[in-house]
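Derivation of every value follows stated rules applied to the coordinates shown; laboratory data play no part. From a predicted model like this one, the values you see are computed outputs, not experimental measurements. Using ideal geometry, Cβ is built from the backbone for each residue, glycine included, and neighbour counts are taken over all protein chains shown.
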Amino acid sequence: MKQLAMLLAAAALLAGCGQNMEVQPKYSEYSRAPLFRGGVLRNPPAGSVARDDLARDAERRDKPALTAALMARGQQRFDIFCSPCHGRTGDGNGIIVERGMPRPTSYHDERLRTADDQHFFDVITNGYGAMYSYASRVPPRDRWAIVAYIRALQLARHASIDDVPPDQRARLTAAP
């Protein structure tokens, strides 16, 4: 008799154990909510600005000053994100071409040499052709650094001796 009572008590405890968690009232963000007319996922009020949006927009809009630190950061970010496809010199012969992917356009192509900086920034942000967007991987300041480094690669490939300052030109033309 004592065992039967303990067995019934254990069965009653086990039967009521999971019900509270299974049938408890809860809010699912994609279901209709009685609190709001018309459902859930309300539009934000007019004129509201998400946190850090103004700062992010300023970073996208304003190019940083060209410094040695910015160029070093641009080279580092270029080597990480761009060189697998575009190659270390920007000629479009990255490692992915050897693996059968389409060859990207060389940065030394006339069309890209005459393109403005905003074009490169937008391509990094939104992607272009087979290239996907890097907006979630590369912050805006680093995108500008990459653009500055791309311009340095283009200048280095197409520079002449007349582009070198006169005080340094003699050092380059001297015999070794």
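Quick notes on this structure:
- Dipole in debye (nearest 20) - region 62-159, about Cα centre, beta carbon charges: Lys, Arg +1; Asp, Glu -1: 180 debye
- With θ taken as phi - 60° and the Karplus curve 6.51 cos²θ - 1.76 cosθ + 1.60 applied, the whole-hertz 3J(HN,Hα) list for region 63-78 is 6, x, 5, 7, 10, 5, 5, 5, 5, 5, 5, x, 5, 4, 5, 4 Hz, x standing for glycine and proline.
- Separation of the Thr114 and Leu66 label points, Cα + 7 Å toward Cβ, nm: 2.0 nm
- Maximal additional length on extending the Arg103-Ala55 stretch stands at 13.7 nm, based on 0.36 nm per residue less the C-alpha distance.
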